[in-house]
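Asker: Below is a structure I'd like to ask you about.
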């Protein structure tokens, strides 16, 4: 983990928010960042923050599994 876990959470949160320049959430990248932050919090014994980050990662996994998968390769 090269980054501060709080910064990882902030970056992941930004990836899940829609804006004028971002029309769809990037749950795949955000989920990875949430998991990295959760593990960093867990290792630093910040269990409540780790729990919150793991919950966000779980939501990301749910969002990824609910998106339809299109295979454009023939």
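The values are calculated or read from the model by the stated rules, or taken from the named source; none is laboratory data. All of these numbers come straight from a predicted model, not from anything done at the bench. Cβ placement follows ideal geometry from the backbone for every residue including glycine, while neighbour counts extend to all protein chains displayed.
Asker: Condition first: surrounded by fewer than 20 Cβ atoms within 10 Å (Cβ to Cβ), touching a helix residue (DSSP H, G or I) at 6+ places or on another chain (Cβ under 6 Å) and farther than 18 Å from residue 66 by Cα. Now tell me which residues in the range 18-35 satisfy that.
Answerer: Residue satisfying the conditions is 35 alone.
Asker: I need the full set of residues from the range 1-15 which are in a helix (DSSP H, G or I) and either surrounded by fewer than 20 Cβ atoms within 10 Å (Cβ to Cβ) or modelled with pLDDT under 95 (or both), in order please.
Answerer: Narrowing the range 1-15 to residues in a helix (DSSP H, G or I): 5-15.
If the condition is that a residue be in a helix (DSSP H, G or I) and either surrounded by fewer than 20 Cβ atoms within 10 Å (Cβ to Cβ) or modelled with pLDDT under 95 (or both), then 6, 7, 10, 11, 13, 14, 15 are the ones that fit.
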